[in-house]
1. If we keep just the residues of the stretch 251-270 that are open to solvent by 70 Å² or more (accessible area, probe 1.4 Å) and among the charged types (D, E, K, R), which is nearest to the chain's Cα centre (by Cα)?
2. Of the residues that sit in the stretch 41-71 and are among the hydrophobic types (A, V, I, L, M, F, W, C) and more than 23 Å from residue 174 (Cβ to Cβ), which one is most open to solvent (accessible area, probe 1.4 Å)?
3. Restricting the search to the stretch 2-24, which residues are under 16 Å from residue 106 (Cβ atoms) and open to solvent by 30 Å² or more (accessible area, probe 1.4 Å)?
4. Can you pull out every residue in the stretch 193-218 that is more than 22 Å from residue 248 (Cα to Cα) and open to solvent by less than 50 Å² (accessible area, probe 1.4 Å)?
Amino acid sequence: MNLLMTLDAHYLQPCTVMMHSVLSANRSADISFYVIYENLSKDSRETLRRYAHDKITFLPFPDSLLSQCPTSKRYPKEMYFRLFAPELLPDSLDRILYLDPDLVVINSLSDLYSMDFEGSSFIAATHVQKFFRKFNAHRLNLEENTPYINTGVLLMNLEVLRKEHSGDAIRSYIRENRRKLLLPDQDVFTALYGQKTKIADASLYNLGETYLITHKMTGQMTDISLDWIRQNTVIVHYYGKNKPWKKDYKGFLDVFYHETLSDMEQQGVS
């Protein structure tokens with residue numbers, strides 16, 4: 001099982017929690033981590049290497065691949081790195097699962113990782129309801145019914161992507177639409193790959209507080225509970241500003257983050 005991460009030093013600690021959760025929930029899997037980075041110190045890389053039990057490969061991101069892209073404190077340059085994974089990862093890999101550092105894995109990844117692409121370039125989830133899907137389609141000039149993708153969990157079909165990936169297309173889209181981009185990485189990904197992405201169940205593979213709220217409001221998910229999540233959900237994702245390591249966290253999904261932290265402390269690996 002090949003897992004991809006991109007991060008800067010600000011997400012180092014959450015990333016170690018995510019890695020621990022992955023290894024704890026997938027004890028029988030042979031996992032190799034890959035990290036695309038630009039500004040990770042040697043000490044930070046060694047920290048990640050320790051948590052990965054040395055099964056980790058660091059791939060520096062060439063600055064020539066991406067310049068003058070819109071960034072901010074909340075949306076650093078690293079958010080674009082996953083888009084260039086097909087030209088940076090080893091040719092020997094046929095698929096890889098990208099995971100954001102602000103999530104935890106609470107059940108086996110095997111079903112997601114082995115999912116049939118059915119010809120798609122990616123498998124991912126969407127959190128967006130019908131009204132906002134139309135809004136994003138108008139804003140980004142998308143084809144009708146293009147799903148708006150949450151890019152925090154992406155299963156990549158590297159065999160297909162090596163044939164169709166275009167760094168020039170990514171750079172051109174960013175340059176031509178930079179004033180329209182609200183969530184830059186997701187906007188760019190959706191515009192270029194939304195129609196080439198197979199949709200996975202977000203309640204299983206990319207569950208967040210906002211998703212729960214919107215789906216309860218529309219009556220699509222009324223009986224979900226912690227017990228249901230423990231038994232069925234694989235990935236809990238703390239996307240947006242609502243982070244479980246902050247004191248003002250709102251919701252109940254932070255219990256899984258703190259349980260992972262507690263497990264790390266008990267094992268002496270935190």
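1. Per the criteria, the residue is 259.
2. By that ranking, first place goes to 58.
3. Residues satisfying the conditions are 23, 24.
4. Within the stretch 193-218, 193, 194, 197, 198, 200, 202, 203, 204, 205, 215 qualify.
Listed here are the residues, each with its yes/no results for (1) outside any loop (DSSP other than H, G, I, E, B); (2) at pLDDT 95 or above.
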position	(1), (2)
27	no, yes
39	no, no
50	yes, yes
58	yes, yes
84	yes, no
87	yes, no
97	yes, yes
104	yes, yes
111	yes, yes
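The values are calculated or read from the model by the stated rules, or taken from the named source; none is laboratory data. The structure displayed is predicted, hence computed values, not measured ones. No Cβ is skipped: glycine too gets one built from the backbone with ideal geometry, and neighbour counts run over all protein chains shown. Please note that ligands, DNA and RNA were not included when accessible areas were found on the heavy atoms of the full protein model with its side chains. Shrake-Rupley method; radii C 1.70, N 1.55, O 1.52, S 1.80 Å.
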